[in-house]
1. Arrange LYS156, LYS342, LYS111 by Cβ neighbour counts within 10 Å, fewest through most, would you?
2. Could you please tell me the mean projected area of the C-alpha convex hull for the chain, averaged over all directions and given in square nanometres to one decimal?
3. Of the listed peptides 70-82, 258-270, what is their order by residue-averaged count of other C-beta atoms within 10 Å, with the highest listed first?
4. Along Cα→Cβ, 7 Å out, is where each label goes; now give me the distance between the ones at LEU138 and PHE322 in nm to one decimal.
5. What is the gain in length, in nm to one decimal, between SER25 and THR112 on full extension, counting 0.36 nm per residue of separation less the C-alpha to C-alpha distance?
6. Based on the mean of other Cβ atoms within 10 Å per residue, sort peptides 217-227, 33-43 so the most packed one is first.
7. So for ASP161, ASP294, fewest C-beta neighbours within 10 Å to most, what's the order?
8. Just the number, please: Stokes-Einstein D of region 71-215 in µm²/s, Kirkwood Rh from C-alpha pairs, 10 °C, 1.306 mPa s.
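Bear in mind these aren't lab numbers, they're just calculated from the coordinates by the rules spelled out. Model, not experiment: these values are computed from the prediction. Cβ coordinates were reconstructed from backbone atoms using ideal geometry, including for glycine residues, and neighbour counts include every protein chain displayed.
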Amino acid sequence: MAASTVNIGIAAAVILSALLFSPVSQRLTTLGITRGSIKNIHGVDGLRTMPGTNMCEDLHLESTTNQLFAACQQDAEQRARWFPPTGLFADHTATGGGAIVRIDPVSMTAKTLTLKGFNQPMVTHGIDILNDPTESDLLWIYVVSHLPNPDRWDVKPRRTDLPPERAHIEIFTHRLGTDEAQHIRSVRHPDITMPNDIVAVSPSSFYVTNDHVHHEGLIRAWEDAGTQSISPTPNTILIEVTDLKTKSPTAGIKVRTALRVHNNNGLGRGSPHHPSEIIVLDATGGILTRTTRDPKSQNLHIIERIPLASTLDNPSYYLEPFATSTSNASGYLLPGLPHAYKMMADLPFNDRAIPSLVWHVRSKDNRPVDKAGPGKGNVWEKRLVFQDDGMGLRSASGAVLVGIDPERNGGRKQGWLFVTGFGSFGMVAVKIDLE
Ligand SMILES: *[C@@H]1O[C@H](CO)[C@@H](O)[C@H](O)[C@H]1NC(C)=O
């Protein structure tokens, strides 16, 4: 679809919502329409960029080995022509370069894992990792992949009435310390429509967000500009795989809806002290939604919504190992885009800057966080800990904080913040103050 169509769509949708509805000023803020130029916030001594980490959308910390895992797209030129998550369907053959990359946060070097038993294209997006409950050196890796829909593109004449993509999930296992991952199976189902991010609760069951209802056109722009009460609302689904051995992508899968949240996008865990907490982000609405997993039904129930002043993407939680009763940096790390409206209005995103930011949301005055949410004493401090004009880090969609032991740091409480973007030419790290 032509960029100008999207542009007009967004403009029309924003103006319409401005005329009709009150949450407008909030949406003007989250999409960055009312925000001026972007000032760089690069921690205490500037940006470090890691080679071999192109276009990595999502990032997770494996805590037993202290290694980061990311889903990347090493062919930047192809990503600029095919990236369904941003409504970019310019060239359905541009599906090369999908990779799982491990990053050592101490040496700041990256290693691309060799994928065994896997020889199909992969267009990466959200991922999750899960330590096997019984085998301590086994890691499960779940990857969203946005492949083109063959029923639309591989027929003559092309079926433009059908969805442009047919996305699915890839499951891999990885022995910690090795340089390879073994493909286990692909998971495809009609209810996995526009998958975004994943949280696994066991090796064979995981939640997935579908971030939109509509792939293309004005109606998609209206989903972005609207709110839950006025625009189509996608779902978060629970997928249960009953057969991990089958070669058929569609066999042995059960899927059902667990939650509906406007533009539900990034998905993550909350504090390990609240193991049933799952966080779901309304991306264009800029809302961190804390939910709790019902042990019986497995549905997700909303316990609290925390609004932020930008779009939001894949979240992570930092439980501070060096916390004291008076100083505690535990909280959520939320990447996002300060000028999202510009990116949405101008696809493909070949050679432009895409400004990026990261919020750190923690309990104000170090109060204990109640899992029951508003009215229960939770007061949140929202710190803007990273911001870039888009030249140093082009877009931000994943952020993980790795603490530095104050005893080895002259008594200062700081951490390395790793930030990555679906459109970035390398993940960055900045050292930030955490007092
Ligand atoms: C720090 O805060 C988190 C979140 O409220 C809490 O779970 C943790 O127990 C706190 N740590 C200390 C040492 O107080």
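1. LYS156, LYS111, LYS342
2. Taking the Cα atoms of the chain, their convex hull projects to 20.3 nm² on average.
3. The densest-packed peptide leads the list: 258-270, 70-82.
4. Roughly 3.6 nm, to one decimal.
5. 27.0 nm
6. 217-227, 33-43
7. ASP161, ASP294
8. Value of D from the Cα-based Kirkwood radius: 99 µm²/s.
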